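None of the figures in this text is laboratory data; all of them are computed from the coordinates on show. Since the model is a prediction, treat every value here as computed from it, not as a measurement. Glycine gets a Cβ as well: all are built from the backbone with ideal geometry, and neighbour counts include every protein chain shown.
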Ligand code: GLP
């Protein structure tokens, strides 16, 4: 495993470091293709990127992005759709052209065809240069939930109760939390040239230890990242257990 782990005292430092990695890549390769994640963890990186853009340190004009996932069953304009999330936290603040920013369209009439279209689009743009990833408390990546088997390409997934409970904080009632989503598959995620896994908070300490140091299993989708040739983990120190530190040899 070619893994680099960077431990930070604060979430602000982690976010700055994550944004700097992205900006450095863009400045070297303006046409870079990014895989983008949602959830609470990347918000700080997106804030930093917006700030660096406003300071003229970077341009996204020639870049392309593919989001990992989107809820099924809520309109695109719903405040908790990942479309709205990306507008709010990143896209409205930077110069990435809308036609180069892709998010699965969960309001398409034929969802299966939309999944195929999405995979084709990713393929047509070549390889994802850098994939940003968070990790769910149950070890999911994107919305690839723990299971006996995992799918490689973009597909529809039924969200686990764990995931729906974790995401209930963004909705008024549990009933409003979507039950399904479209997600990139683990095959697509693992094809990225580089993966930036971002982890914050003591509540992720146990799952990240198991993901990075335990057996590789589809029952813990993030454990598959151990097989990736270029994985960078940005993590706050409260999420690092002694075993994680010891076994990842930092
Ligand atoms: C969500 C997203 C994931 C994200 C994860 C963790 O459900 N689909 O892409 O990584 O949950 O989110 P958070 O960063 O809020 O803990």
- Note on the structure: Note on the range 104-206: contact order normalised by length, alpha-carbon pairs under 8 Å, 6 or more apart, percent, works out to 36 percent
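For the range 58-148, just say rounded, prolate or oblate: build the C-alpha gyration tensor, square-root its eigenvalues into a ≥ b ≥ c, call rounded for a/c under 1.5, and beyond that prolate if a/b exceeds b/c, oblate if not. Show your work: numbers first, answer last.
Details: a/c = 1.30, a/b = 1.27, b/c = 1.02.
Judged from the Cα gyration tensor, the range 58-148 comes out rounded (a/c under 1.5).
Given the C-alpha atoms of the range 124-167, compute the convex hull and give its volume per residue in Å³. Walk me through the intermediate numbers first.
Numbers: hull volume 4.5 nm³, N = 44.
Normalising the Cα hull of the range 124-167 by residue number yields 103 Å³.
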- Rounded Å value of the spacing that divides the Cα centres of the range 171-193 and the range 87-127: 14 Å
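With contacts defined as alpha carbon pairs under 8 Å and 6 or more residues apart, what's the relative contact order of the range 42-131 in percent?
Working: 83 pairs, mean separation 28.2, N = 90.
31 percent.
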- Message: Only Cα pairs within less than 10 Å get springs; with that Gaussian network setup on the chain, which residue of 175, 24, 238 has the largest fluctuation?
- Response: 175
- Message: Semi-axes of the equivalent ellipsoid for the range 1-125, please: Cα gyration tensor eigenvalues, times 5, square-rooted, ordered largest first, whole Å.
- Response: 26, 17, 15
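Can you give the translational diffusion coefficient of the chain in µm²/s, computed by Stokes-Einstein from the Kirkwood radius over Cα pairs at 25 °C and 0.890 mPa s?
Taking Rh from Cα pairs, D becomes 135 µm²/s.
Quick one: if the Förster radius is 45 Å, what FRET efficiency do residue 243 and residue 109 give, using the C-beta to C-beta distance and rounding to 0.05? Intermediate values should be presented prior to the final figure.
On the way: r = 48 Å, r/R0 = 1.07.
Using R0 = 45 Å, I get an efficiency of 0.40.
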- From Cα coordinates alone, what are the radius of gyration and Dmax values for the range 32-93 in angstrom? 12.2, 38
- Task: Specify the residue with the greatest mean-square fluctuation among 235, 103, 21, computed from a Gaussian network of the chain linking alpha-carbon atoms under 10 Å apart.
- Result: 21
- How high is the relative contact order of the chain, in percent, with contacts defined as C-alpha pairs under 8 Å that are six or more residues apart? 25 percent
- Query: How big is D, in µm² s⁻¹, for the range 101-250 by Stokes-Einstein at 10 °C and 1.306 mPa s if Rh is the Kirkwood radius over C-alpha pairs?
  - Reply: 98 µm²/s
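Quick check on the range 149-238: what does the Kirkwood estimate of hydrodynamic radius come out to from the alpha carbon pairs, in Å?
14.7 Å is the Kirkwood radius here.
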- Task: Distance between Cα centroids, the range 206-236 to the range 49-63: provide it in whole Å.
- Result: 30 Å
- Task: Have a look at 204, 29, 191 and tell me which one the Gaussian network model of the chain (Cα, springs below 10 Å) gives the largest fluctuation.
- Result: 29
